[in-house]
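Note sheet for the following structure.
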Amino acid sequence: MRHQQISLFAIVLTIGACSSSPSTEVADAGTVLDLTITDAIVVAPDAGFEDAGPLAESTIVDHDEFPVVITGDNLRAVSGVATDELVFFRWHADAWEAVPFQIDERRSVLFHEIYGTCGSCVQNDSTTAGLVYADGNTFTGSDPNPRVDEDDEIALMVKDFGGNPTSTVPPAGVDADFVVRFAVRDGTAAGYVFAFRDSSHATTRSTGDYVTYDFGLTSGDYRTTYDFRGIDDNGTEFANPENSTVTAASYTRHFSSRWISDGVSLIHDGVPGPNLIEMHNVQFAPGVCSRSVATFASGEGAYVANIDGPVRAIRDHLGSNSGPITEGIYRFYERSEEIEMRLRVHQIGGVMDLIDYSDAAKGMSYSDSVNDDLSIDGNADEYVPGALEYEVVSGTQGSLTHALQFETNITGLSMSSYYLDEDPAVTEPQCTGDDAAIGVSGPIIASMIPATDPRPVRGSSSFFLRTHRFTRYADYETSRSEAAALAGRFLAPLSIHAVAVTVPVVACGDGICQSSESTASCATDCEGSTIACGNGRCEAPEDDYACPADCAAASAVCGDTVCNGSETHASCARDCEVLICGDGACRTGETASSCAADCVSPLSTCGDFSCEGPAETTSNCAFDCVASCGDATCNGGETQTSCSDDCGTPS
């Protein structure tokens, strides 16, 4: 089966937001960072990512409202650093500025453990696990590894990326032996942030906070009062009512229970406007109400995590009636949000993902890539369904834009769109809220969806279907062309590149007069000396590390068995060998990620949170190698045959 990513449509909700400014950290005299070194730890997404060179400021435009989420191999460069010691700075206005960032730890957990005290939930399955966000306030629990690892995620905002200095001193208080540069690219434009280690907690940190999430469970403390079993599945009453809110500079959101998203207000000049939506609903087909978010909220379910961070808030829960491990993940940012649904259920006849707007949205217009300027007024319109690239709902109230992406290995799905504007609704009955259909719109899969539940009690399906709804909120009107462009940026995120940066040791008495030294600060090195780093001559005791400005190029001698300076395989094949994965040698340019056959050490340690195959397996180290089909990690003996969901399909 082929793994598909399908961009079906986009709806943009645009809301103006106030930006909080990063705190400023003025560079002090001290250790010099040579930030021109670009020895790549990981190159992503491809080896053609070129350094943009020195930049005074970021040149990225039209992406300020978008996040950058660093995951997987790009975290290898900071892996092992304690989460409370990592700090991020940008270079802006010739100085370091601390920027807001967020480390969201993840861990592999058995789903039945997330259901806490409900031993019979998840149909007594005690074998299926997932890689999920960690939260010590739920039964998911905190990540047992207190350091950054490649399962975690680091979130920043594009607007907080800065320039790329060629040489400067580090921020005050950080460790002088560690710095990693992260770059984002959009064509030839680039922006940078720098990760430092602050082991003494001495440096200035950003106080920026872009979003606030208040999880308000009516019954009280989640771990002691939540009803995991639910009360029934008829949708007439919510099992665990809430009054939960999300507040950002440009919008507010409201939730009345798990899955019950019933409030969006756009903020104008600091004041929230009227609620523009009645319900975000999920159901099988038009007019089919046997299953909807109302029945989900009354039945079995649990929270994976509720996270309120400076860059984003995360609301993650399980349970959709006979799909007890179907997962809904909400990620809220300053001006936008992403809703991800991971369908894990038996075969179903189809699915719809709809937004039902409120009376306050009357007077706005609906447009998409097929239909133009339909008035949202409760009167039926001539609508042409189709596979859409974007949708936009816009008016004096503001504008809403959504971009949707399906990720699946299921072929032959019949995908289209749906729109209904009737007050009262006579074409199809409404499954939630009142009897009006005010601009109800969204994608529809109108064909049979095979089982996607990986649990053995449900047949261990290898099919998966994940939906991503990206939404941006704005307090101004948005045109069709602007919505199309915005949707394109949602569905084509910026590429990320991580590099290690060499930190030369500046030591008075090493015989080299460094640029940060003078006769006043280090007469031993500088008084009467002609050996100066930066004079264009590589003179002993200078070398590549102590003075790369003078020695990196000078030391590039073809035939000295060292591939350095400007040498490449094309210019000096004797020094710069061709990398052949599987030749038994982990060479420069190969990593455990790019060539495990050569670079994964046979020495492994059970209990270090890393499944180091082939030495470690689920049999001899279940702690590191928990194998769970469907957790997005190919490990513990999983293969393409046994779990194509995690390991890909056989070629």
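The single residue among 438, 449 that is buried (at least 24 other Cβ atoms within 10 Å of the Cβ) and hydrophobic (A, V, I, L, M, F, W, C) turns out to be 438. Residue 347 meets all of the listed conditions (1) open to solvent by 20 Å² or more (accessible area, probe 1.4 Å); (2) modelled with pLDDT of 95 or more; (3) more than 20 Å from residue 286 (Cα to Cα) but one, namely (3).
Among residues of segment 65-82 being more than 12 Å from residue 195 (Cβ to Cβ) and more than 16 Å from the chain's Cα centre (by Cα), the one that is least open to solvent (accessible area, probe 1.4 Å) is 82. A single member of 236, 252 is touching a residue at least 60 places away in the same chain (Cβ under 8 Å), closer than 25 Å to residue 433 by Cβ and not aliphatic (A, V, I, L, M), and it is 236.
In this structure, is residue 366 among the aromatic types (Phe, Trp, Tyr) and either modelled with pLDDT of 95 or more or under 25 Å from residue 272 (Cα atoms) (or both)? So residue 366 passes the test.
Under 15 Å from residue 88 (Cβ atoms) and in contact (Cβ under 8 Å) with a residue 12 or more places away in the chain, is that true of residue 178? Lay out the reasoning, then the answer.
Numbers: under 15 Å from residue 88 (Cβ atoms): yes; in contact (Cβ under 8 Å) with a residue 12 or more places away in the chain: yes.
Yes.
Output yes when any residue across segment 89-99 is crowded, with 21+ Cβ neighbours inside 10 Å, assigned to a loop (DSSP other than H, G, I, E, B), within 21 Å of the chain's Cα centre (by Cα) and at pLDDT 90 or above, and no when none is. Quick ask: steps written out before the conclusion?
The first filter runs over segment 89-99 and keeps only residues crowded, with 21+ Cβ neighbours inside 10 Å, leaving 89-91, 96-99.
From what is left, the residues that are assigned to a loop (DSSP other than H, G, I, E, B) are 99.
Narrowing further to those that are within 21 Å of the chain's Cα centre (by Cα): 99.
Subsequent filtering for residues that are at pLDDT 90 or above retains 99.
The answer is yes, given that some residue of segment 89-99 is crowded, with 21+ Cβ neighbours inside 10 Å, assigned to a loop (DSSP other than H, G, I, E, B), within 21 Å of the chain's Cα centre (by Cα) and at pLDDT 90 or above.
Name the residue, out of 175, 143, that is open to solvent by 10 Å² or more (accessible area, probe 1.4 Å), at pLDDT 95 or above and not in a helix (DSSP H, G or I).
Numbers: 175 fails: at pLDDT 95 or above.
It is 143.
Quick check on residue 212: is it touching a Pro at 6+ places or on another chain (Cβ under 9 Å) and more than 16 Å from residue 114 (Cβ to Cβ)? No. Of the residues making up segment 364-388, those that are among the small types (Gly, Ala, Ser) and more than 14 Å from residue 400 (Cα to Cα) are 369, 375, 378, 380, 386, 387. Filtered by the rule that a residue be farther than 30 Å from residue 361 by Cα and open to solvent by less than 20 Å² (accessible area, probe 1.4 Å), segment 452-480 gives 452, 453, 454, 455, 461, 464, 465. Among residues of segment 352-378 that are at positive phi, those with a Cβ under 8 angstrom from a residue that is crowded, with 16+ Cβ neighbours inside 10 Å and in a strand (DSSP E or B), sequence gap 6+ or separate chain, pair up as 363/395; 373/365; 373/366; 373/367; 378/421; 378/422; 378/438.
Can you name the residue in segment 120-136 that is assigned to a helix (DSSP H, G or I) and open to solvent by less than 40 Å² (accessible area, probe 1.4 Å) and is also farthest from residue 460 (Cα to Cα) among such residues? So, considering only residues that are assigned to a helix (DSSP H, G or I) and open to solvent by less than 40 Å² (accessible area, probe 1.4 Å), the one farthest from residue 460 (Cα to Cα) is 121. Open to solvent by 60 Å² or more (accessible area, probe 1.4 Å) and either among the small types (Gly, Ala, Ser) or at pLDDT below 95 (or both): is that true of residue 117 in this structure? When the stated conditions are applied, residue 117 passes them.
Of the strands (runs of 3 or more DSSP E) contained entirely in segment 197-294, those carrying at least 1 residues that are surrounded by fewer than 22 Cβ atoms within 10 Å (Cβ to Cβ), at pLDDT 95 or above and in contact with a strand residue (DSSP E or B) (Cβ under 8 Å, 6 or more places away or on another chain) fall at 211-214, 244-248, 251-257, 260-268, 271-275. Here residue 109 qualifies as of a type in the set (A, V, I, L, M), more than 19 Å from the chain's Cα centre (by Cα) and crowded, with 18+ Cβ neighbours inside 10 Å.
Of 338, 334, all but one fail to be open to solvent by 10 Å² or more (accessible area, probe 1.4 Å), in contact (Cβ under 8 Å) with a residue 60 or more places away in the chain and more than 23 Å from residue 124 (Cβ to Cβ); the exception is 338. Just checking, does segment 349-357 include any residue being under 19 Å from residue 446 (Cα atoms), in a strand (DSSP E or B) and in contact with a Lys or Arg (Cβ under 7 Å, 6 or more places away or on another chain)? Yes: one or more hits. Residues in segment 467-483 that are free of Cβ contacts under 8 Å to residues at least 40 places away in the same chain and in contact with a Phe, Trp or Tyr (Cβ under 6 Å, 6 or more places away or on another chain): there are none. Per this entry, residue 433 is not counted among residues that are modelled with pLDDT of 95 or more, more than 15 Å from residue 345 (Cβ to Cβ) and not aliphatic (A, V, I, L, M).
Across segment 386-405, the qualifying residues are those that are open to solvent by 10 Å² or more (accessible area, probe 1.4 Å) and modelled with pLDDT under 95, and the one among them that is farthest from residue 489 (Cα to Cα) is 386. If you check 191, 116 for being outside any loop (DSSP other than H, G, I, E, B) and touching a residue at least 24 places away in the same chain (Cβ under 8 Å), only one passes: 191.
Report whether or not residue 418 is open to solvent by 10 Å² or more (accessible area, probe 1.4 Å), in contact with a helix residue (DSSP H, G or I) (Cβ under 6 Å, 6 or more places away or on another chain) and among the aromatic types (Phe, Trp, Tyr).
Values: open to solvent by 10 Å² or more (accessible area, probe 1.4 Å): yes; in contact with a helix residue (DSSP H, G or I) (Cβ under 6 Å, 6 or more places away or on another chain): no; among the aromatic types (Phe, Trp, Tyr): yes.
No; evaluated as a whole, the condition is false for this residue.
Quick one: would you say residue 300 is open to solvent by less than 10 Å² (accessible area, probe 1.4 Å) and among the charged types (D, E, K, R)? No; evaluated as a whole, the condition is false for this residue.
To keep it simple, each residue is scored yes or no on (1) touching a strand residue (DSSP E or B) at 6+ places or on another chain (Cβ under 8 Å); (2) of a type in the set (Ser, Thr, Tyr); (3) without any contact (Cβ under 8 Å) to a residue 60 or more places away in the chain.
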{"position": "387", "(1), (2), (3)": "yes, no, no"}
{"position": "392", "(1), (2), (3)": "yes, no, no"}
{"position": "418", "(1), (2), (3)": "yes, yes, no"}
{"position": "429", "(1), (2), (3)": "no, no, no"}
{"position": "434", "(1), (2), (3)": "yes, no, no"}
{"position": "441", "(1), (2), (3)": "yes, yes, no"}
{"position": "465", "(1), (2), (3)": "yes, no, no"}
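The values are calculated or read from the model by the stated rules, or taken from the named source; none is laboratory data. In this text, all values refer to a predicted model and were calculated from it rather than measured experimentally. Note that each Cβ is placed from the backbone with ideal geometry, even for glycine, and that neighbours are counted across all protein chains shown. Areas reflect the complete protein model, heavy atoms only, side chains present, ligands, DNA and RNA absent. Shrake-Rupley method; radii C 1.70, N 1.55, O 1.52, S 1.80 Å.
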